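I have placed the structure first, in the form of structure tokens, so that the comments after it can refer back to it.
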Amino acid sequence: MKKRLRRTALYIPGNDPSMIQNAGIFGSDSIVLDLEDAVSVDEKDSARLLVRNALKNINYGDTEVIVRINSLFTPFGKEDLEVIGRVHPDGIRLPKAESAQDIQEVDSFLSRIENEEGFEENSIKIMPSIESAIGLFNVFEIVRASNRVAVINFGAEDYTSDIGAERTKEGKELFDIRTRILLAARVVGIEVQDSVFAHAHDIEGLIRETKFIKQLGFDGKSVIHPAQIEPVHQVFTPTQEEINRAKRIILAIEEAKKRKSGVISLDGRMIDAPVVAKAHRILKYAQAAGVL
Amino acid sequence: MVTNEIGRKIPEEIKGIGKLKPYIGAFKTVPVGNRMAPNIACKKRGETKIINSLKKAVKKAGIRDGMTISFHHHLRNGDYVVAMVLDLLADLGIKNLTIAPTALFPVHKSIIKHIENGVVSSIQGSVNGPIGEISSRGVFDIPVVLRSHGGRARAIEAGDIKIDIAFIAAPSADNYGNLNGIDGPSACGSLGYTMTDAMYADKVIAITDHLVDFPLSPISIPQIYVDYVVKVDKIGDPKGIMSGTLEITKNPLRLIIAQRVVQAIEASGLLQDGFSLQAGAGGTSLAVTKFVGEKMEKRGIKGSFGSGGITGYFVKMLKKNLFNTLFDVQSFDLEAVQSLKINPNHLEMSASFYANPHNKGCLVNNLDTVILGATQIDSDFNVNVNTESDGLLLHGIGGHMDTAAGAKLTIIATPLLRGRMPIVVDKVITVTTPGETVDVLVTERGIAVNPARKDLIEKFRKAKLPIKNIRDLRNEACDLTGIPEEPQLADKIIGLVEYRDGTIIDVIRGVK
């Protein structure tokens, strides 16, 4: 499977046909068709069918299609998996992940469906969301529980409520969870996405927060409104200076290879593997943003 | 029946209208003959134009059965004048009138009763909403003749419509018949659409609720055209005349369309010093206007003019010197009215100046880019703005076909789907604007360029715009909706779509 960017994951209410129909056109890297918080209890069945039919019939092109199912602790979670798994979403976002067992349960569920439907093994990814103290406590186990786990993210509202923190726009209270899930993700080499910025019309605030999480090392962010996509992508777009330097690094490497030279330096600084990896990453983001 | 240039079947003659000329191409008709002229008139020294009741005024003007009377729509959905006049004429027992409005609004629903009681027997002009709907149900024996703003001005000047009495709702008037739209409790800004009526009607009655001392200043319709002035309590409801501040769309889908439109304009190469733009008052158009303004400011571009219906967004651009001039045929909001009043570079223009193809050069010919809507567009880029997917005649033409023919870059901006209906179709139900004059379709799912515009296709490719074949867009829409059923249409022709040059581009059939 080709390596994709996950700068933005746009939440789409699973009970809104018109939004579902148009979910792919706003330019987010992923869409998250939501069966959980966006759908009231009495609409769970109809939303599940709507999302299933959307996955069957709508071509979302290059957009990664994720379905947020209900937690396995609710009466809906397993039925969601059973129905949605069979129309092969790219990923299942699992809310309120608390332990390795949660992930393993979903994993074996998906393995059975993949087998029954003749899908490629492990092709449906799991994207756990940490939303509680116990979930964060177990985060290393969670990311290691299955090689389906491709992205980890967290739910700021549920988490702060669970640990008794104040929820502020500034978000200092999230520093700990952000760095800890980031660390866990990097240990196993998966991607990590930030929680939503709930103030849909405060674009400046969104940009501030996105710059901060990019600085921490996050790969992207969940968004709740199409207007939030472009600003987040902007933050993740490398500057021309960064792009130029990345190009020079790659050029220097190639030339060094031709010369069969072991030590490579550029502007008097040694270029080693992490520098090269970073340069490739910058060019990938630049390409996605169409500035290369 | 004859088949016209775009393959539509047109009757050779229609009872009550006469022989029809089929459409032969957007720029093919060569006009011949002279303009028509109204009666020579005379007012003697000391003779008053102030008449103390509308009833006396219409009698003095010689109202009688079978006449053609005209109205204008600058008071939009706040207009009291159409109802006031028709109610009066009904009381006087007048029958069989042809009305020639520049447009009708939902507020004019009361016309229905005058159609039913025989006061009004036909309409030459825009029919919208409820009046359009009853036309579709076959209420008239004579089909409605739909014309664009430019086409209407042409038809009046050419004598295709002979207006016996023009009624002008005048927000400000003096006692000798000088009129403007910028002052008074019912201020509406420009009076552009009615200027041609004033010049060519045999009798002109101005109805005002704001009579000022002679002379009124500024004058937009001069005394030399006006026979009588009638003062009434109110000519309109300001709430319906003026919308407050018009807002750009918040709909993320329409915002995407607006952004793509701006990208297309930029990629076309037209966005440079001397640029000119027309965009309407719909949410998407407003967003385009705003975004183009921001782009011009950022790039230091000094445009030439903005035109058409003028909104606050255009006024802001004028104030920032992003345009030298605004040409205003209709002022959409209070900011536009205020600007028309105080800014010497905000000019009022007549419908003929704006868009009449048969004068010595109308403004649309100077236009770089126009942004227009559609109820349907087909794979030949023919656009329908008159009928809905169920075949009902619900909308007028406005300046659609005029600006499309004039502008260097005509962009149709519309969502690919409206509700469950695809907007891109194989064949439009009604052709309003011929594909020959349409360059680009911008939707949320991609941009289609008229194959005749190879230059644009190349430029858009270079700019990496998401170009798609219009048929692929059609298929993409049908993949989502299924293929919609065709509407059930009756045989009866209930409307004629007259192209701006006086030829018939299409007929509209009734619905079953």
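Can you give me the long-range amide H partners of A:Thr8? Hydrogens built in the peptide plane at 1.01 Å from N, cutoff under 5 Å, separation of 5 or more residues or another chain.
A:Asp29, A:Ser30, A:Lys221
What are the ³J(HN,Hα) couplings of the range A:148-155, residue after residue, when phi is run through the Karplus curve with 6.51, -1.76, 1.60 and θ = phi - 60°? Round to Hz, x for glycine and proline.
These are the phi-based 3J(HN,Hα) values: 7, 5, 10, 9, 10, 9, 9, x Hz.
Taking 56 Å as R0, compute the FRET efficiency from the Cβ-Cβ separation of A:Glu173 and B:Ile483 and round it to 0.05.
On the way: r = 54 Å, r/R0 = 0.96.
Efficiency, rounded to the nearest 0.05: 0.55.
Long-range amide H contacts for A:Ile264: which residues qualify at under 5 Å (H placed 1.01 Å from N, peptide plane, sequence gap of 5 or more or a different chain)?
Answer set, sorted by chain and number: A:Ile271.
Normalised by the number of residues in the range A:240-288, what is the relative contact order in percent for Cα pairs under 8 Å and 6+ residues apart?
Working: 33 pairs, mean separation 23.0, N = 49.
Result for the range A:240-288 is 47 percent.
Mean residue ellipticity at 222 nm from the helices of the protein assembly as shown, using -39,500 (n - 2.57) per DSSP H segment of n ≥ 4 over the full residue count, to the nearest 500 deg cm²/dmol?
After summing the helix terms and dividing by the residues of the protein assembly as shown, the value is -10000 deg cm²/dmol.
Using the Karplus equation 6.51 cos²θ - 1.76 cosθ + 1.60 (θ = phi - 60°), what ³J(HN,Hα) coupling, rounded to whole Hz, does each residue of the range A:171-183 give in order, writing x for Gly and Pro?
For the range A:171-183, the Karplus curve yields x, 4, 5, 9, 4, 5, 5, 4, 5, 6, 6, 4, 4 Hz.
By how many nm would the segment from A:Arg248 to A:Met270 lengthen if fully extended, with 0.36 nm per residue of separation less the alpha-carbon distance? Each step should come with its number before you reach the end.
Working: separation 22, 0.36 × 22 = 7.92 nm, distance 1.30 nm.
Fully extending the segment from A:Arg248 to A:Met270 adds 6.6 nm.
Taking the Cβ of A:Pro274 as the center, what net charge do the other residues with Cβ under 13 Å away carry, scoring Lys and Arg +1 and Asp and Glu -1?
+3
Using packing as a proxy for protection, rank B:270-276, B:331-337 so that the peptide with the highest average count of other Cβ atoms within 10 Å comes first. Write down the numbers at each step before the final one.
On the way: B:270-276: 16.4, B:331-337: 24.9.
Taking the mean over residues of other Cβ atoms within 10 Å, the ranking is B:331-337, B:270-276.
Roughly how many whole Å is it from the C-alpha centroid of the range B:376-402 to that of the range B:166-233?
Between the Cα centres of the range B:376-402 and the range B:166-233 lies a distance of 33 Å.
Could you compute the net charge surrounding B:Val497? Neighbours are other residues with a C-beta less than 10 Å from the C-beta of B:Val497; K and R count +1, D and E count -1. Each step should come with its number before you reach the end.
Working: positive: B:Arg8, B:Arg147; negative: B:Glu498, B:Asp506.
That works out to 0.
Taking beta carbons within 10 Å but only from partner chains, what does the mean come to for residues A:16-28?
Across the residues of A:16-28, the mean count of other-chain Cβ atoms within 10 Å is 3.
Ranked highest first by average number of other Cβ atoms within 10 Å, how do A:157-169, B:277-289, B:312-324, B:463-475 line up?
Values: A:157-169: 13.8, B:277-289: 24.8, B:312-324: 20.3, B:463-475: 16.3.
Ranked by mean Cβ neighbours within 10 Å, highest first: B:277-289, B:312-324, B:463-475, A:157-169.
Give me the inter-chain shielding for A:75-82: mean count of other chain Cβ atoms within 10 Å, whole number please. Can you show the working numbers first?
Numbers: counts 0, 0, 0, 0, 0, 0, 0, 0.
Mean inter-chain Cβ contacts per residue within 10 Å come to 0.
Amide H of B:Asp174 versus every other amide H placed in the peptide plane: which residues, excluding those fewer than 5 positions away on the same chain, fall under 5 Å?
Long-range HN contacts for B:Asp174: B:Val212, B:Leu216.
B:Lys512 label point, 7 Å along Cα→Cβ, cut-off 18 Å on backbone N: hits in the range B:427-446?
The answer is B:429, whose backbone nitrogens lie closer than 18 Å to the label point.
For the residue pair B:Asn39 and B:Lys55, what label-to-label distance in nm results when each label sits 7 Å from Cα along the Cα-to-beta-carbon direction?
2.3
Only Cα pairs under 8 Å and at least 6 apart count here; give the relative contact order of chain B as a rounded whole percent.
Details: 1252 pairs, mean separation 84.2, N = 512.
The value is 16 percent.
Roughly what % of DSSP beta bridges within chain B run antiparallel, to the nearest 5? Mind dumping the intermediate values first?
Numbers: 24 of 79 bridges.
The antiparallel fraction comes to roughly 30 percent.
With just the Cα atoms defining each centre, how far is the range B:410-436 from the range B:51-99? Give it in Å.
With the range B:410-436 and the range B:51-99 each reduced to a Cα centre, they are spaced 37 Å.
Fully extended, how many nm does the chain gain between A:Ser18 and A:Lys78 (0.36 nm per residue separation, minus their Cα-Cα distance)?
Details: separation 60, 0.36 × 60 = 21.60 nm, distance 2.62 nm.
Contour length minus Cα-Cα distance gives 19.0 nm.
If a paramagnetic tag sat 7 Å from the Cα of B:Thr48 along the Cα-Cβ line, which residues of the range B:205-229 would have the backbone N under 13 Å from that point?
Only B:229 pass the distance filter.
Within a 10 angstrom radius of each residue's Cβ in B:439-452, how many Cβ atoms of other chains show up on average? Whole number is fine. All intermediate terms of the calculation are to be shown ahead of the outcome.
Details: counts 0, 0, 0, 0, 1, 3, 4, 1, 0, 0, 0, 0, 0, 0.
Neighbouring Cβ atoms belonging to other protein chains average 1 per residue here.
Sticking with the crude label model, points 7 Å out along Cα→Cβ, report the distance from B:Asn251 to A:Ile134 in nm, one decimal please.
The answer from the label model is 4.6 nm.
Give the calculated FRET efficiency between B:Lys113 and A:Ala165 to the nearest 0.05, with a Förster radius of 45 Å applied to their Cβ-Cβ distance.
Details: r = 67 Å, r/R0 = 1.49.
After rounding, the FRET efficiency stands at 0.10.
Per-residue HN-Hα couplings for the range B:101-107, Karplus 6.51 cos²θ - 1.76 cosθ + 1.60 at θ = phi - 60°, whole Hz, x for Gly and Pro?
Ordered by residue, 3J(HN,Hα) equals x, 6, 5, 10, 10, x, 4 Hz.
Within 12 Å, Cβ to Cβ, of B:Val232, how many net charges do the neighbouring residues add up to if Lys/Arg are +1 and Asp/Glu are -1?
The answer is +1.
So how far apart, in nm, are the two label points at B:Asn475 and B:Asp426 if each is 7 Å from Cα heading toward Cβ?
1.4
Full-extension gain between B:Lys28 and B:Lys454, please, as 0.36 nm times their residue separation minus the C-alpha to C-alpha distance.
Working: separation 426, 0.36 × 426 = 153.36 nm, distance 2.25 nm.
Extending this stretch completely gives an extra 151.1 nm.
Which order do the peptides B:214-222, B:196-204 come out in when sorted by mean C-beta neighbours inside 10 angstrom, highest first? Can you show the working numbers first?
On the way: B:214-222: 16.7, B:196-204: 24.7.
Descending mean neighbour count gives B:196-204, B:214-222.
I'd like the distance separating the alpha-carbon centroids of the range A:189-223 and the range A:269-283, in whole Å.
Each part's Cα centre sits 24 Å from the other's.
Computed from the coordinates by the stated procedures, all read-outs in this text should not be read as laboratory data. If you're wondering where the values come from, they're calculated on a predicted model, not measured in any experiment. So basically every Cβ, Gly included, is an ideal-geometry build from the backbone, and we count neighbours across all protein chains shown.
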